[in-house]
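The values are calculated or read from the model by the stated rules, or taken from the named source; none is laboratory data. Not measured: the values here are computed from a predicted model. Because the Cβ atoms are built from the backbone with ideal geometry, glycine has one as well, and the counts that use them run over all protein chains shown. The protein model used for the area step is the full one, side chains on, heavy atoms only, and it has no ligands, DNA or RNA in it. Shrake-Rupley method; radii C 1.70, N 1.55, O 1.52, S 1.80 Å.
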Amino acid sequence: SVTTEAIEIANAFLPFALAHVGVAALDTTLHSLLDIVGLERYSTMLKGVHSICKFFGVAYISLFESAQLWMIGLWHVAMCALFVVINLVIVVYQQWLNQYWHGLLFSFALADFRAVKAFTISSLSLSVRYMIEYCGWEALFIFAAMQGPAEIAVWGLLGSAWDVVGDIANALAGAAKVRVAQLLGSQSTMAARYSAHKTFFLALLLAGVMSLSTYLCRESIPGWLTQDIALKKMLFSLVPLVCVGLFVLPFGTMAWAILCAQGRTALATGMSFLGVLGVTLPLSALFTWLNVNLEGLLSAVIAGHATSGALNFFFTVISDWDKIATTVWKRAQKSRKNKNKGPDEYPSSSSESSSAGNMGNVPNNKDNATSSSLPEIA
């Protein structure tokens with residue numbers, strides 16, 4: 001039967017999927033470290049080459065009629081492992097991380113309670129948000145399954161396209177988050193607020209471009225995702241709603257990033273929690289009960305993102321930037337003082353401290369602080 005065949009395919013693919021998770025964790029950790037120390041251009045270039053190799057490898061495997069899913073999984077694992085080795089060889093040869101190897105390889109970080117506490121506090125709220133949104137999306141497969149097997153396939157294809165858009169929005173939001181956090185850490189209140197407002201404008205431009213591009217390519221996009229005629233028709237009927245979602249997603253992601261840059265990650269995560277569990281899932285259950293099909297599920301997702309994005313934007317607009325800048329600056333100064341005391345004296349909270357590209361000329365506050373003299377953000 002179809003179900004038995006699907007189970008066999010999944011069982012054959014599972015070992016490679018688990019292996020890829022393990023190797024990808026090492027790869028992501030190394031790239032994150034490179035981003036932090038200022039080698040983000042090299043990191044991005046290598047990840048781009050990695051992605052291109054994976055794409056053409058999968059395309060080549062798909063040309064064979066005897067191709068199976070586990071072969072694609074094997075290719076992903078092999079490419080990920082190969083590029084981890086290549087990355088390590090280049091980094092060691094260039095001596096980019098010489099000052100970090102001792103701490104990475106010859107220290108037991110879990111024994112440093114303050115460092116573990118700082119890491120846990122700063123990462124827990126961030127990870128909770130991603131877990132909520134990921135689990136919320138996966139839970140929608142249950143509602144799609146209630147509508148039929150074709151709906152499950154279409155929802156999976158739609159999720160792949162949605163992830164691409166989310167990655168683009170997260171890239172812009174990540175750069176904005178670092179920039180605003182740096183300016184707040186230097187007490188450049190006016191500049192931080194200006195950068196935040198400017199990134200909202202850029203988010204609107206990005207949303208408009210993606211939404212318009214999707215609408216103009218609405219007849220071609222279903223064919224890029226599947227060759228099944230029935231699935232194509234179902235995807236085509238969802239394109240108008242997808243265009244609306246593409247206009248909402250980048251703006252909401254940017255609002256979340258700015259709140260995180262202010263150090264209000266718990267508030268931003270709470271709004272994401274409200275959007276998924278308070279709006280998306282209840283509406284999905286209601287629309288499924290009313291037999292609204294996938295249009296109802298997609299509308300519920302858009303409504304959830306719009307709700308959390310609007311609330312995050314509201315809290316950003318009413319922010320007391322002077323108070324936030326003072327709090328972030330004091331935290332940064334405390335971090336710098338504690339660093340001089342030794343490895344056991346880490347602060348209780350931290351935020352990202354990596355470089356981001358200049359987002360344009362911004363007005364400085366009365367202290368005339370500039371991004372070139374920014375203190376390290378704790």
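Taking (1) within 25 Å of V178 (Cα to Cα); (2) surrounded by 15 or more Cβ atoms within 10 Å (Cβ to Cβ); (3) small (G, A, S) in turn, A19 satisfies each apart from (1).
Selection of region 188-228 for residues being open to solvent by less than 50 Å² (accessible area, probe 1.4 Å) and within 30 Å of T326 (Cα to Cα) yields S188, T189, A191, A192, S195, A196, T199, F200, A203. Which residues, counting only those in region 104-119, are over 22 Å from A24 (Cβ atoms) and either open to solvent by 60 Å² or more (accessible area, probe 1.4 Å) or in contact (Cβ under 8 Å) with a residue 24 or more places away in the chain (or both)? If the condition is that a residue be over 22 Å from A24 (Cβ atoms) and either open to solvent by 60 Å² or more (accessible area, probe 1.4 Å) or in contact (Cβ under 8 Å) with a residue 24 or more places away in the chain (or both), then F106, S107, F108, L110, A111, D112, F113, R114, A115, K117, A118 are the ones that fit.
For F55, state whether it is surrounded by fewer than 17 Cβ atoms within 10 Å (Cβ to Cβ) and not β-branched (V, I, T). Criteria met by F55. Any residue at all in region 62-80 that is within 30 Å of V178 (Cβ to Cβ) and without any contact (Cβ under 8 Å) to a residue 12 or more places away in the chain? Within region 62-80, not a single residue is within 30 Å of V178 (Cβ to Cβ) and without any contact (Cβ under 8 Å) to a residue 12 or more places away in the chain.
State which residue is least open to solvent (accessible area, probe 1.4 Å) when the search covers only region 81-102 and only residues that are more than 30 Å from G57 (Cα to Cα) and in contact (Cβ under 8 Å) with a residue 12 or more places away in the chain. Please lay out each step first, then the result.
Filtering region 81-102 down to residues more than 30 Å from G57 (Cα to Cα) leaves 95-102.
Add one more test, that the residue is in contact (Cβ under 8 Å) with a residue 12 or more places away in the chain, and what stays is 96-97, 100.
On the way: W96: 81, L97: 1, Y100: 78 Å².
In this case the residue turns out to be L97.
If you go through region 308-325 and keep only what is open to solvent by 50 Å² or more (accessible area, probe 1.4 Å), at pLDDT below 90 and assigned to a helix (DSSP H, G or I), you end up with V317, D322, K323.
In this structure, is L274 open to solvent by 40 Å² or more (accessible area, probe 1.4 Å), within 30 Å of F119 (Cβ to Cβ) and either among the hydrophobic types (A, V, I, L, M, F, W, C) or not in a helix (DSSP H, G or I) (or both)? It would help to see each step written out before you state the result.
Numbers: open to solvent by 40 Å² or more (accessible area, probe 1.4 Å): yes; within 30 Å of F119 (Cβ to Cβ): yes; either among the hydrophobic types (A, V, I, L, M, F, W, C) or not in a helix (DSSP H, G or I) (or both): yes.
Considered against the rule, which asks whether it is open to solvent by 40 Å² or more (accessible area, probe 1.4 Å), within 30 Å of F119 (Cβ to Cβ) and either among the hydrophobic types (A, V, I, L, M, F, W, C) or not in a helix (DSSP H, G or I) (or both), L274 comes out as yes.
K232 meets the conditions (1) of a type in the set (K, R); (2) closer than 21 Å to S299 by Cα; (3) open to solvent by less than 40 Å² (accessible area, probe 1.4 Å) in every case but one. The failed one is (3). Every listed requirement among (1) part of a helix (DSSP H, G or I); (2) at pLDDT below 85; (3) out of contact with any Gly (no Cβ under 9 Å at 6 or more places or on another chain); (4) open to solvent by less than 60 Å² (accessible area, probe 1.4 Å) is met by L267 save one, (2). Being over 20 Å from L267 (Cβ atoms), buried (at least 18 other Cβ atoms within 10 Å of the Cβ) and hydrophobic (A, V, I, L, M, F, W, C) is a property that A144 has. Of all the residues in region 286-324, those that are touching a Phe, Trp or Tyr at 6+ places or on another chain (Cβ under 9 Å), more than 30 Å from H197 (Cα to Cα) and not acidic (D, E) number 6.
Within region 12-23, residues that are over 13 Å from M71 (Cβ atoms) have Cβ atoms under 7 Å from residues that are assigned to a helix (DSSP H, G or I) and open to solvent by 60 Å² or more (accessible area, probe 1.4 Å) in no pair, counting only partners at least 6 apart in sequence or on another chain.
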